[in-house]
Amino acid sequence: GRGRAVTINFRESAPLASRADLFLDAAGAVDRSRATRSLLSTAVPGTVAGLVLAQRRYGRLPLAVVVAPSIRLAEDGVIVSRELADSLGAAAALLKADPGSSRLFFKPDGGLYRPGERLRQPQLATTLRRIARQGEAGFYAGPVAAQLLELMRRRGGLITAADLSGYRARPLTPLLGSWRGHAVIAMPPPSSGGVTLIQLLNVLEGFDLAAMGLNSAAAIHVMVEAMNLAYLDRNSQLGDPRFVALPLERLLSPADAIAKRQRIQLGRHTPAALLAPPPARAAEGGNTTHLSVIDREGSMVATTTTLNFAYGNGISVPGAGFLLNNEMDDFSIRPGEANAFGLVQGEANAIAPGKQPLSSMAPTLVLSREGGPLLATGSPGGSRIITTVLQVLLNRLEHGLNLASAVAASRVHSQLWPDQLSHEEGLSPDTLRLLQAMGHRLLRVAAMGSAHSVEALPGGGSLGVADSRRGEALAIGE
């Protein structure tokens, strides 16, 4: 019904045979290749369960009608774009290490597909047909499950039939935040996206960012200092709420926002080392997919999905035509290292059977001040997802930019460790000099995030903005 907000959690979960020390070698060191490139890195997939549940509860059309265009694209093939050709070229070593992936993504002679050529995926079409006919049973049971389990048995993965049959996508109560009278509807844990986004909005609402000016040194400084304080909480406090008690009420309270605001020194960067020692952990993968939709009735959807790294662990299920995720790497691999505050870094996000790893995914909906639909947004980008979504919201709601400009404006990012302020090109030399003088270590980076967004317009209709930072972004209306 109108006015109801729902989130569906279909994050992957750790197989029942997982242990906390899964990726430590005999000497207790982290084995990176096991954590990212082996079948041990694969968590129980959730996307099929999540999309089928969303479609069954809220969709208008039969599942088979919804899946049909995907089946057609897999069967007839897609025309390879320059981006896809480059991406497959860059991932060639990873994909060719796996016999299944070699067959799926390269020509019979092992050659690369060139732009303009057609890539067909008949095995994937067969898998999609099974899902179209049987819903989630077409994936978690029957031939597709058998193909996945056979691969796990043959090559030492952990996923069992019990893992597949036991997986459930779960509707959750969304987190509710606000920005100057606009309701902000966000994703609850096990994603850190919503908690951290709402914390940032709470802290920054106490500053007149509009008066400071878009991407002025003053506004960037305040944003970045707030980011560092919010990521401190993210890295130490958050995990799967079914396994750890999360202090959400405290983290989202006005008192917490006031305390953080008081820790921000105007004109002076607080070094990360004063807040927390560096974590013993690599960054999460940034190769994620986001989609934002508004229909003519004003129903809004923001959805983010990922395999973690691009092409996951590079391993495909023989006969089934799809790649496996390496989401197990999103857990803290070596928890138990206490930091200066006695917080055990990542204990909340340690591996446990059936547990879901922390993510930064932040699909987000914003309502107008009257409570109607206004905006759906989200982004890929690993730990930069949250700060990307934050800046799109602030650019639109605080600085008054139109949606296209709000998405296009140069972005900044900081996450406590590494102690640096990452920024895209486009900030003025003066701004950069002022930030340096405040003690920020600046790092210019290529594009951050890709915030595909859509806005409901006052007279009806909607405006879609695809973020040009990633090649094949597209906004379409009907």
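The values are calculated or read from the model by the stated rules, or taken from the named source; none is laboratory data. Bear in mind that the values here come from a model prediction, so they are computed numbers and not experimental data. Glycine gets a Cβ as well: all are built from the backbone with ideal geometry, and neighbour counts include every protein chain shown.
Of all residues in segment 112-127, at least one satisfies being surrounded by 14 or more Cβ atoms within 10 Å (Cβ to Cβ), hydrophobic (A, V, I, L, M, F, W, C) and out of contact with any Gly (no Cβ under 7 Å at 6 or more places or on another chain). Looking only at segment 55-97, how many residues end up being of a type in the set (Lys, Arg) and either in contact with a Pro (Cβ under 7 Å, 6 or more places away or on another chain) or farther than 19 Å from Ile131 by Cβ (or both)? So the answer is 2. Within segment 255-273, being of a type outside the set (Gly, Ala, Ser) and not in a helix (DSSP H, G or I) holds for Ile264, Gln265, Leu266, Arg268, His269, Thr270, Pro271. Considering every residue within segment 334-348, establish whether at least one is of a type outside the set (D, E, K, R), out of contact with any His (no Cβ under 9 Å at 6 or more places or on another chain) and at pLDDT 90 or above. No - not one qualifying residue is present in segment 334-348.
Pairing residues of segment 427-455 that are without any contact (Cβ under 8 Å) to a residue 60 or more places away in the chain with residues that are assigned to a helix (DSSP H, G or I) and of a type outside the set (Gly, Ala, Ser), at Cβ distances under 8 Å and at least 6 apart in sequence or on separate chains, gives Leu442/Leu432; Leu442/Leu435; Leu442/Gln436.
Among the residues that make up segment 6-21, is at least one of them among the aromatic types (Phe, Trp, Tyr) and over 25 Å from Glu136 (Cβ atoms)? So far as segment 6-21 goes, no, none of its residues is among the aromatic types (Phe, Trp, Tyr) and over 25 Å from Glu136 (Cβ atoms).
So, of the residues in segment 456-466 that are part of a loop (DSSP other than H, G, I, E, B) and at negative phi, which turns out to be surrounded by the most Cβ atoms within 10 Å (Cβ to Cβ)?
Step by step, filter segment 456-466, then rank; the result is Ala466.
On the given criteria, is Glu424 on the phi < 0 side of the Ramachandran plot and modelled with pLDDT under 95? It is false that Glu424 is on the phi < 0 side of the Ramachandran plot and modelled with pLDDT under 95.
Table: residues versus (1) crowded, with 19+ Cβ neighbours inside 10 Å; (2) over 30 Å from Pro429 (Cβ atoms); (3) at pLDDT 95 or above; (4) in contact with an Asp or Glu (Cβ under 6 Å, 6 or more places away or on another chain).
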position: Ala210; (1), (2), (3), (4): no, no, yes, yes
position: Gln237; (1), (2), (3), (4): yes, yes, no, no
position: Asp240; (1), (2), (3), (4): yes, yes, yes, no
position: Leu275; (1), (2), (3), (4): no, no, no, no
position: Ala282; (1), (2), (3), (4): no, yes, no, no
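Only helices (runs of 4 or more DSSP H) whose full extent lies in segment 86-145 are considered here, and the ones with at least 2 residues that are modelled with pLDDT of 95 or more, of a type outside the set (Ser, Thr, Tyr) and under 25 Å from the mean Cα position of the chain (by Cα) are 92-96, 122-134. The residue that is farthest from the chain's Cα centre (by Cα), among those in segment 433-455 that are outside any loop (DSSP other than H, G, I, E, B) and surrounded by 21 or more Cβ atoms within 10 Å (Cβ to Cβ), is Leu435.
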